[in-house]
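Worksheet: the structure to be examined is printed underneath.
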């Protein structure tokens, strides 16, 4: 059977292998509480008295090295009895692990509830116009988000990868031969399958998988071509063009897990296409205002001068559409990032084929808790092909300071424009736009 990692902390990022101590799980599977429950189940099913001590003498549990698998082997006077004993011990272990996990979650929920009650009581005593009232409300929202994640999390202790089979020959050498055989079977079957499944589950892998992880979001790029092509497709997405940007800024929240600073590159590309674009990192936003719904781009809060600078009207008397790119990559907590993204006009993700699928699906799930979804994604390679002059088109990634503005401009020497239009244009399928 495979053992799933269980944790009461749904806001951490500890690898699965580090959350499970297989040596400990091996001891739990052969512990007396597990064997007692298995013996009781066997007694009820077969009508014969089975003692836990008898199971302790005839059942062995091993865990192949560097795996999340347990192999349970039982010996008995006949093959069918041995099979039923192995299955009973496996079911008893999963029941015990689920019970322990639910107890841990209830304890954490009790602690979070007490903190929520304390903050709520303190908030009632603070005048609403005091600065610390906003901080207390933000803390209350954060605690409630943690509680919702804990309460809705499904406890999955593991699963039976392969039910016990009835042996056709007698084990002349007793439990030792079963232990060796189980170890070999685990090395040649369980470990490769477990590692392959874990590897496939950890990575994005393909464009279709990224769309699936983000609940049907559009994807620009295929993870193989130059990043500039994916960025250009994103800038000309019909969904972005329909967002407006003239009466109030279009706010695009970007989570970049590529390490390539694509939020800055997207900002510069939009500026060269006729947008008045501004790049801002999430920590510079007032989080209390975000939690209260007064967020730049929704027409309620006027952007602060250091967040957005509106340019003068063009020669026709109309201002260019305004795009505010909020970089969620560094600084904000998971809860804060989700709160900001949930109130943005558009939510984008930048990833590679080797990016963590778990991280992206967790981000999408946190948005789902806030009844929001990821609108689109950029799928780019970790580094651009050597034949593609990426630095000429996405050069802002290394030199663009957070808070820099980009707007309509002519082509500068040494840099290839990502487009030739002074205003955002509609998507053209013949150009390869999405």
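The values are calculated or read from the model by the stated rules, or taken from the named source; none is laboratory data. From a predicted model like this one, the values you see are computed outputs, not experimental measurements. Reconstructed Cβ throughout: ideal geometry from the backbone, glycine too, with neighbour counts over all protein chains shown.
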(message) Please count how many residues of region 233-272 are more than 21 Å from the chain's Cα centre (by Cα) and at pLDDT 85 or above.
(response) 13
(message) Criterion first (farther than 12 Å from residue 1 by Cβ and surrounded by 18 or more Cβ atoms within 10 Å (Cβ to Cβ)) does residue 75 satisfy it?
(response) yes
(message) Every residue in region 109-140 that is touching a residue at least 60 places away in the same chain (Cβ under 8 Å) and either crowded, with 17+ Cβ neighbours inside 10 Å or over 23 Å from residue 366 (Cα atoms) (or both), please.
(response) 134, 137, 138
(request) Answer with yes or no whether residue 53 is in contact with a helix residue (DSSP H, G or I) (Cβ under 6 Å, 6 or more places away or on another chain) and more than 14 Å from residue 84 (Cα to Cα). (result) no
(request) Test residue 20 against the stated conditions and say whether it is modelled with pLDDT under 85, surrounded by 15 or more Cβ atoms within 10 Å (Cβ to Cβ), out of contact with any helix residue (DSSP H, G or I) (no Cβ under 7 Å at 6 or more places or on another chain) and assigned by TED's automatic domain parsing to the domain that holds residue 83. (result) yes
(request) Select from region 75-104 the residues that are farther than 16 Å from residue 40 by Cβ and touching a helix residue (DSSP H, G or I) at 6+ places or on another chain (Cβ under 6 Å) and list them in ascending order. (result) 75, 76
(message) Need pairs with beta-carbon distance below 7 Å; first residue not assigned by TED's automatic domain parsing to the domain that holds residue 30 and within region 52-79, second part of a helix (DSSP H, G or I) and at pLDDT 85 or above; sequence gap 6+ or separate chains.
(response) none
(message) Just to confirm my filter: which helices (runs of 4 or more DSSP H) fall fully inside region 278-391 and include at least 1 residues that are modelled with pLDDT of 85 or more and either surrounded by fewer than 18 Cβ atoms within 10 Å (Cβ to Cβ) or assigned by TED's automatic domain parsing to the domain that holds residue 256 (or both)?
(response) 357-369
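Rundown of residues vs (1) at pLDDT 90 or above; (2) farther than 12 Å from residue 376 by Cα; (3) touching a helix residue (DSSP H, G or I) at 6+ places or on another chain (Cβ under 6 Å); (4) outside the structural domain of residue 359 (by TED's automatic domain parsing), yes/no style:
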{"residue": "194", "(1), (2), (3), (4)": "no, yes, no, yes"}
{"residue": "197", "(1), (2), (3), (4)": "no, yes, no, yes"}
{"residue": "213", "(1), (2), (3), (4)": "no, no, yes, no"}
{"residue": "220", "(1), (2), (3), (4)": "yes, no, yes, no"}
{"residue": "225", "(1), (2), (3), (4)": "no, yes, no, no"}
{"residue": "228", "(1), (2), (3), (4)": "yes, yes, yes, no"}
(message) Could you check region 55-92 and list, in sequence order, the residues that are in contact with a strand residue (DSSP E or B) (Cβ under 8 Å, 6 or more places away or on another chain), closer than 17 Å to residue 26 by Cβ and assigned to a helix (DSSP H, G or I)?
(response) 55, 58, 86, 89, 90
(message) So, residue 33, is that one under 37 Å from the mean Cα position of the chain (by Cα) and part of a loop (DSSP other than H, G, I, E, B) or not?
(response) no
